[in-house]
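Heads up: the structure comes next, in structure tokens.
The values are calculated or read from the model by the stated rules, or taken from the named source; none is laboratory data. On a predicted model such as this, the values are computed, not experimentally measured, just so you know. Every residue, glycine as well, gets a Cβ built from its backbone with ideal geometry; the counts of neighbours run over all protein chains shown. For accessibility, only protein heavy atoms count, side chains too; no ligands or nucleic acids. Shrake-Rupley method; radii C 1.70, N 1.55, O 1.52, S 1.80 Å.
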Amino acid sequence: MIQQAFFAYFAFVITILSLLIVTRKNPVHSVMWMLLLFFHIAGMYLFLNAEFMAAIQVIVYAGGILVLFLFAVLLVNIREELQIGKYIGAAPTSFTFAVGLFVVIVMSLRSFVAAPPGIYSIELIKQETHTKALGKLLYTEFLYPFEVASLILLVAIIGAIVLAKRRLKS
Amino acid sequence: MNFQLPDLAPMMPELVMTALALVVLLADLLIRKKEVIALISMAGVAFVALTLFYAPGGATFGTMYISDGYSTFFKVIFFINVILSVLISIKYIAVERVNYGEYYSLILFSTIGMMIMASAGDLIVLYLGLELMALSTYVLAGFIRHDIKSNEAALKYFLLGAFSSAFLLYGISLVYGLTGTTDIKAIASFISEKGLADNLSLLLSVAFLVVAFGFKIAAAPFHMWAPDVYEGAPTSITAFMSVGPKAAGFAVLGRVFMVAFASAKVDWAVILIPVAILTMAVGNIVALSQTNIKRMLAYSSIAHAGYALLGIITANNDGLASMMNYLMIYAFMNIGAFAVIIMLRSEGFKGDNISDYEGLAKTHPLAAMLMLIFMFSLTGIPPTAGFIGKLYIFMSAINAGYTWLVVIAVIFSAISAYFYLRIVMYMYMKEPKTDVSLTTSFSNGVALAVTTVAVLVIGVLPASLLELAKAAISGF
């Protein structure tokens, strides 16, 4: 019972916060709501017995990425939101599609049958500790995707330098 | 805890390619002449292609990496794509004043992503390969930083690409929740064991995957990004991404749907058929009203994705082989057309309007002749390769009982003749208005020669390529 209540709280607040982030006009407000969102996601991880993920969530996202966001907002120095005419005045259409998609998802998910759980039960993770279990998997079974991810990060760095650092030649 | 290094031999091509991309990245520091870097890249890719045939096949890293005939055939398409794109880039990026070494390493990284996708035996690896490919292409699309259209292309591609990734991840997480695994083969056996084929949430995840892959292959209604991105991106990159990411998208579409969702064939065919029809309709009809040739070829590439989808819809090895055959042919004829377009770009002249082609046959007969061949091939007129590609796709669809779908495809194909042959008409039957000077270079000439010969030879002797595709897929 108390588990459901916890989950309901986190799920509800995360949804509301996500909506707040995308609807605020002031980017600083968006970033602040995002900070709150990251803490709630970390809480969700804790609640799932994933303390390492929770710590990483706070350190990397709240500590690292969010600060970068704030710097970007600070440096861009947006006094006023750029007002441009909409290409398509399709708010009712997109709203209809969104509601339709939501209904379809809810209807289909009613037939969802969860697969039997894998070998990493809560007891096993408690015995092994979460960090160790995660690390072990990451460097054995999931070594290949882990290495591919490193390439993605490299491309991101190259891309940032190519797009931002090169002097403009006109 | 004992750790065993997995068998790295089957993935030699990817490893060598990664090393090559890193070498090219570093060589940029030392080598001032960027043409040398282009040469290193091409020689390197040729070497990687060699390792592709000497590396043993099979799965490694569990079954996360699969090297089989299917993946090998697609990798050959990627190598042809990357070599031809580099050939047409060398002069062009100098004209555009973006002659930087990172250009080549990003193209190589993007190709590594495609190779990983074609060989992915696991949905996580598939996703990461897709992101590696896409991320490099976003940067390449915005490579001309001083051109606002290029910026627009990169931004649109990035935002919509991120959006489609969200669909992909949602689809994957649903499949994982249903089956408890991300391994493509294990998903297939779990679905058929538990009789999940009719499960609505599985259908939902299939629909999400169609959205995500449909975005990569630019199928309607997920094609919105393509015209703007193809128009704004550097022309060489437009050529690159109209072939590579599309082929990679088809590679994963084929593997995931034919293997993982094999027992839900009926369900995904029902989703894919309207998508294919809509794709052919949107691509061919909207292309009629374009005035920019890059935009027109963007819609044409949407239409071609529609034809190739027929190969997947047939859901048998015959259809897949004709789809692979088609993508190989498309690589040659499309890059060939872009190699002509790229010649019209010169200092201070954009040359991407269809009206720029007026009277080209009088001023530059050879270029007009080559464009004529590629336009005929894209329309599907014999004796060019485009005809053969369409013929095999349509034949396999008829054999699978989709005669009505082929009738629709042929009608749209006839419509497409209007906008392809309009360019031919402009070149041959109008008087030149503007003074067009061509930017020729040796490397672009090589690319044109290779593509022209390929289009004509495959058009006259089509059997061997199809046999190759059929042999590649035999063990699928």
Requested in this report: Evaluate the distance, in nm, between pseudo-label points positioned 7 Å from the Cα of residue A:104 and of residue B:262 along their respective Cα→Cβ axes.
Outcome: 2.8 nm
Report summary line: Relative to chain B, whose Cα atoms define the longest principal axis, helix B:34-54 and its Cα axis are tilted in degrees, nearest 10, by 40 degrees
Query raised in the report: Taking 0.36 nm per residue of separation and subtracting the Cα-Cα distance, what length does fully extending residue B:471 through residue B:399 add?
Result: 24.0 nm
Query raised in the report: Once you put a point 7 Å from the Cα of residue A:52 and another 7 Å from the Cα of residue A:67, both along the Cβ direction, what distance in nm separates them?
Result: 2.4 nm
Query - Helix-only CD estimate at 222 nm, as mean residue ellipticity for chain B, using -39500 (n - 2.57) per DSSP H run (n ≥ 4) - result: -25500 deg cm²/dmol
Query raised in the report: Got a sec? What order do A:22, B:229 fall in by accessible area at 1.4 Å, biggest, i.e. largest, first?
Result: A:22, B:229
**Report entry** At least 30 Å² of accessible area lost relative to the chain alone, listed for region B:77-120 with a 1.4 Å probe
**Finding:** B:97, B:100, B:102, B:106, B:109, B:116
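Give me the accessible area per residue for chain A, probe 1.4 Å, as a whole number in Å². Could the numbers behind the result be given before it?
Working: 12570 Å² over 170 residues.
Per-residue accessible area for chain A comes out at 74 Å².
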Report task. May I ask for the accessible area buried between chains B and A, both sides summed, probe 1.4 Å, to the nearest 100 Å²? Result -> 3600 Å²
Requested in this report: May I ask you to evaluate 6.51 cos²θ - 1.76 cosθ + 1.60, the Karplus curve with θ = phi - 60°, for each residue of region B:116-130 and list the ³J(HN,Hα) values in order in whole Hz, giving x for glycine and proline?
Outcome: 4, 4, 5, 9, 5, x, 9, 5, 5, 4, 4, 4, 5, x, 4
Report summary line: Applying the gyration tensor rule to the Cα atoms of chain A (axes a ≥ b ≥ c; rounded if a/c under 1.5, else prolate if a/b exceeds b/c, else oblate), the class is oblate
Query - Of A:140, A:150, A:160, farthest towards positive along the dipole that unit charges on Lys, Arg, Asp, Glu beta carbons give region A:117-170 - result: A:160
Query raised in the report: Gain in length, residue B:414 to residue B:35, computed as 0.36 nm per residue apart minus the alpha-carbon separation, to one decimal in nm?
Result: 132.3 nm
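Could you size up the charge dipole of region B:321-476 around its Cα centre, putting +1 on the beta carbon of Lys and Arg and -1 on that of Asp and Glu, and report it in debye to the nearest 20? The partial results should precede the final answer.
Working: 8 positive and 7 negative charges, 39 e Å.
Rounded to the nearest 20 debye, it is 180 debye.
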Report task. Evaluate the charge dipole of the protein assembly as shown about its Cα centre and quote only its size in Debye, nearest 20, assuming +1 on the Cβ of each Lys and Arg and -1 on the Cβ of each Asp and Glu. Result -> 1140 debye
Report task. Pull out the extension gain between residue A:149 and residue A:4, defined as 0.36 nm times the separation in residues minus the alpha carbon to alpha carbon distance; nm, one decimal. Result -> 48.8 nm
Query - Calculated [θ] (222 nm, deg cm²/dmol) that DSSP helices of n ≥ 4 give over chain A, each run adding -39,500 (n - 2.57) - result: -22500 deg cm²/dmol
Query raised in the report: Taking amide H positions as placed 1.01 Å from N in the peptide plane, with prolines and chain starts having none, which residues 5 or more places from residue B:122, or on another chain, fall under 5 Å of its amide H?
Result: B:184
**Report entry** Relative contact order (%) - criterion: Cα under 8 Å, at least six apart; region: region A:1-85
**Finding:** 24 percent
Query raised in the report: Given the options A:50, A:42, A:91, which has the most mean-square fluctuation in a GNM of chain A, springs set between C-alpha atoms less than 10 angstrom apart?
Result: A:91
Report task. Name the residues whose placed amide hydrogens come within less than 5 Å of the amide hydrogen of residue B:349, ignoring near sequence neighbours (fewer than 5 apart) on the same chain. Result -> none
Query raised in the report: Ignoring ligands, DNA and RNA, what percent of the 1.4 Å accessible area of chain A is carbon and sulfur?
Result: 73 percent
Query raised in the report: What figure in square angstrom, to the nearest 10, would you give for the accessible area of residue A:15 with a 1.4 Å probe?
Result: 80 Å²
Requested in this report: Report, ordered by chain and residue number, the aspartates and glutamates lying within cross-link reach of residue B:433, taken as a straight Cα distance under 19 Å and ignoring same-chain residues fewer than 8 apart.
Outcome: B:347, B:352, B:356, B:358
Query - residue B:185 - accessible surface, heavy atoms, 1.4 Å probe, Å² rounded to 10 - result: 130 Å²
Query raised in the report: Which of the listed residues, B:298, B:427, B:37, is farthest toward the dipole's positive end in region B:9-472, when Lys, Arg count +1 and Asp, Glu count -1 at the beta-carbon?
Result: B:427
Query - Per-residue HN-Hα couplings for region B:90-99 [Karplus 6.51, -1.76, 1.60; θ = phi - 60°; Hz; x = Gly/Pro] - result: 3, 6, 4, 6, 6, 5, 7, 6, 10, 7
Query raised in the report: In degrees, nearest 10, range 0 to 90: what is the angle between the Cα axis of helix B:265-287 and the longest Cα principal axis of chain B?
Result: 10 degrees
Query raised in the report: By the gyration tensor of its Cα atoms, with a ≥ b ≥ c the square roots of the eigenvalues, what is the shape of region A:1-85: rounded for a/c under 1.5, prolate for a/b over b/c, or oblate?
Result: oblate
Query raised in the report: Using a 1.4 angstrom probe and counting only protein chains, how large is the accessible area of residue B:198 in Å², to 10?
Result: 130 Å²
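Under the definition of Cα pairs under 8 Å and six or more residues apart, what whole-number percent is the relative contact order of chain B? Walk me through the intermediate numbers first.
Numbers: 799 pairs, mean separation 75.2, N = 476.
It comes to 16 percent, rounded to a whole number.
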Query raised in the report: What accessible area per residue comes out for chain B, rounded to a whole number of Å², with a 1.4 Å probe?
Result: 33 Å²
Query raised in the report: With all protein chains present, how much of the accessible area of chain B (probe radius 1.4 Å) comes from carbon and sulfur, to the nearest whole percent?
Result: 70 percent
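Take the Cβ-Cβ distance between residue B:347 and residue B:457 as r, set R0 to 35 Å, and report the resulting FRET efficiency rounded to the nearest 0.05.
Numbers: r = 35 Å, r/R0 = 1.01.
For residue B:347 and residue B:457, the calculated efficiency is 0.50.
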Report summary line: Taking a straight Cα-to-Cα line shorter than 20 Å from residue B:216, and setting aside same-chain aspartates and glutamates fewer than 8 residues away, one finds B:122, B:131, B:152, B:228, B:231
**Report entry** Residues listed by number, region A:106-120, amide nitrogen under 17 Å from residue A:136 label point at 7 Å toward C-beta
**Finding:** A:118-120
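Just how large is the dipole of region A:117-170 about the Cα centre, in debye to the nearest 20, putting +1 at every Lys and Arg Cβ and -1 at every Asp and Glu Cβ? Kindly include the intermediate steps, with their values, before the conclusion.
Working: 7 positive and 4 negative charges, 129 e Å.
For region A:117-170, the charge dipole is close to 620 debye.
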Requested in this report: Work out from phi, with θ = phi - 60° and the Karplus expression 6.51 cos²θ - 1.76 cosθ + 1.60, the ³J(HN,Hα) of each residue of region B:253-262, listed in order in whole Hz, and give x for Gly and Pro.
Outcome: 4, x, 5, 5, 6, 6, 9, 5, 9, 4
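Give the relative contact order (percent, whole number) for chain A; include only Cα pairs under 8 Å separated by 6+ residues.
Details: 66 pairs, mean separation 25.2, N = 170.
Dividing the mean separation by the residue count of chain A yields 15 percent.
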